[in-house]
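The structure under discussion appears below in the form of structure tokens.
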Protein chains: 2
Amino acid sequence: MDKLGVKTFFFAISDYSRFSILAALMEKDLSVNEIADAVETEQSNVSHHLACLLNCGFVDVRREGKMRIYSLKDEARPIVGSIIKHIQKYNSEIIACDIANKEYISRVIK
Amino acid sequence: MDKLGVKTFFFAISDYSRFSILAALMEKDLSVNEIADAVETEQSNVSHHLACLLNCGFVDVRREGKMRIYSLKDEARPIVGSIIKHIQKYNSEIIACDIANKEYISRVIK
DNA sequence: ATAATATATGAATGGCTAATCATATTTATA
DNA sequence: TATAAATATGATTAGCCATTCATATATTAT
């Protein structure tokens, strides 16, 4: 397994904001501000994330008037789809992980 | 989409060491020290990761003599498998992301 | 050409957490 | 039961990076 590939893949997709952007783009193409609304964060932050997702080959851009419209790449669709499907299916099991939610935190925070 | 579910899922699976552990367990069940060898990190670190993966429902344990043998849960198999498959297939595109590899770093580090 | 809208970029910071070191616990064997 | 082997747990630290604020650039309309 290629370490750089694995790390880069997860770097790009595993941030909640970035994954939410991809999930939002599963539905339809969106402008930056539409994404900011959908994901409930600042425009500036969305732009930073989009630059990453663009570089990582997850999305495409086109211009429409004064807006830049982002779309999910076809190759990214199955990944995002399958992950969403899995999380929906195993949500309760996943949530039951108290390390990610409490233990680790409390171990660190004390 | 459930925010906690998404975050927890990625928290658990997106760390390189933890994902490597899951990948190693795709092949065969392993003891803690065998995992440490396979993943090339310290035993203590592996134990920390295993505690997380166990809590998150990715792996099971059983005792054999003085060793604890970890195995990949059946439900986790398709996820790990599909992600490995994807990374192998799109490795070059993913690696081409210069944000994850250089730009972001240089932006931050200056 | 100027103003307004949309988006991108730069710099700084604080929180999160993987790795490490040290130590405790558990099990097996002599 | 004392020792060794295997694993787990605790505490600390240093680095990564998402977010924020401030500002720059680009496009359209007046």
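FYI, it's all coordinate maths here, none of it is from the lab. Predicted model only: the values in this text are computed from it and were never measured. Cβ atoms come from the backbone with ideal geometry, glycine included; neighbour counts cover every protein chain shown.
General observations
- Convex hull volume of the range A:1-80 per residue (C-alpha atoms, cubic angstrom): 85
- Model label points for B:Ser92 and A:Ile69, set 7 angstrom from Cα along the Cα-to-Cβ axis, are 3.0 nm apart.
- Copy-to-copy label separations for A:Met26, where each label sits 7 Å from Cα toward Cβ, in nm and ascending: 2.2
- Per-residue shielding of B:46-54, expressed as the average number of other chain Cβ atoms within 10 Å of the residue Cβ, stands at 2.
- Taking the Cα centre of the protein assembly as shown as reference, the dipole from Cβ charges on Lys and Arg (+1) and Asp and Glu (-1) amounts to some 180 debye.
- Distances between copies of A:Ala96, taken at a point 7 Å out from Cα along the Cα→Cβ vector and listed shortest first: 4.2 nm.
- Nearest to the axis that brings chain B onto chain A is this chain B residue, judged by its Cβ, with the distance in whole Å: B:Ser14, 2.
- For B:Val61, the label point sits 7 Å beyond Cα toward Cβ; its separations from the matching points on the remaining copies run 4.8 nm, from shortest to longest.
- Loop-exposed GluC sites (Glu not before Pro) per DSSP, neighbour cap 15 Cβ within 10 angstrom, longest uninterrupted part of chain B: B:43-110
- Note on B:9-19: average number of Cβ atoms from other chains within 10 Å of each residue's Cβ is 6.
- Applying both filters, DSSP loop and at most 15 other Cβ atoms within 10 Å, to the trypsin sites (Lys or Arg not before Pro) of the range B:52-94 gives B:Lys66.
- Computed from backbone phi with θ = phi - 60° and the Karplus coefficients 6.51, -1.76 and 1.60, the 3J(HN,Hα) list for the range A:18-32 is 5, 5, 5, 4, 4, 4, 5, 6, 4, 6, 7, 5, 9, 7, 4 Hz; x is used for glycine and proline.
- Size of the protein assembly as shown as Cα extents on the principal axes (Å, biggest first): 69, 34, 32
- Residues A:Ser71, B:Ser31, sorted so that the one with the fewest Cβ neighbours within 10 Å comes first: A:Ser71, B:Ser31
- Distance violations [Cα-Cα > 21 Å] among A:Lys3/A:Lys28; B:Lys3/B:Lys89; A:Lys7/B:Lys7; A:Lys73/B:Lys3: A:Lys3/A:Lys28; B:Lys3/B:Lys89; A:Lys73/B:Lys3
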